[in-house]
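Every number in this text was worked out from the coordinates using simple rules, so none of it is lab data. Just so we're clear, the structure is a prediction, and the values are computed from it rather than from any experiment. Here the Cβ positions follow ideal geometry from the backbone for every residue, glycine too, while neighbour counts run over all protein chains shown.
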Amino acid sequence: MEWVIDKQWIVLSPDTASLCRYWSGQPMIFCRQKAVAQMLRGWRHQTWWAYCADHLYGRTIREGVVYYGRAQHLVESHDAPT
Ligand SMILES: [Zn+2]
């Protein structure tokens, strides 16, 4: 796996008021932890969706930039570390 900059996400400043938009369950349980990054979502009306460090869907933040992990098995041998 290699880390690639995810240009759809931006890192929030530490003093942001944004809260995590993650939810799950029935009834719905909202995360509401302080958000660390946000992404632009939507079809006709794009809005920023913020998420906390626990809900970045496998992404990671390095030096103020959001990265996502991209599988390399198509271009590298299968003995690469996962
Ligand atoms: Zn969260």
Net charge of neighbours whose Cβ lies under 9 Å from the Cβ of C20, counting Lys and Arg as +1 and Asp and Glu as -1: +2
Label-point separation, V11 to Q26 (7 Å along Cα→Cβ), nm: 3.9 nm
